[in-house]
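Student: Sharing a structure below in structure tokens format, with a few things to ask.
Please treat every number below as a calculation from the coordinates, not as lab data. Given the structure is predicted, the values throughout are model-derived calculations rather than measurements. We place every Cβ from the backbone using ideal geometry, glycine too, and count neighbours over all the protein chains shown.
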Amino acid sequence: MNLTALLRDDRGDAVEGFPLTLRVLRPNGTVFRSGVVQSSAGRAHLLPFYLSATAPLGTWTVQALSDPKADPIGTLRLQVEEFVPERLAVEAEGSAPAIEPASPSSSWSAPGFFTVPPRRGSAVAWRSR
């Protein structure tokens, strides 16, 4: 994930050169990731982090702090839930023993399930029974 924060003054203008602490808390309240970030050329503060497949489920909290010892100046809550990709049952029959990616085939046999890829550009998982 790329966590992006926009810091503005009371007139709505971007605040430049101000170090901002971004803190990510697990659902149990413990600190998962924390970092002091400077604004980039686009005037945004960026904190990249990765949640593994075994990350705790529940409400994660992101805090923006101007002073790490003071109360947050902004808070965001994220809901992390299980994701089960959609499965599509596929059954087809034909005389061709295999499908070659480079050449079209008019008939083939491959009963099984497609698992829909979680993001664009990723491979399709295939399980035959």
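Student: Which of the trypsin sites (Lys or Arg not before Pro) found in the range 1-70 are loop residues per DSSP with 16 or fewer other Cβ atoms within 10 Å of their Cβ?
Tutor: Those that pass, being in a loop and sparsely packed, are ARG11, ARG43, LYS69.
Student: Here's a follow-up. Please pull out the direction-averaged projected area of the range 2-80, using the convex hull of its alpha-carbon atoms, in nm² to one decimal place.
Tutor: Average projection, Cα convex hull of the range 2-80: 5.5 nm².
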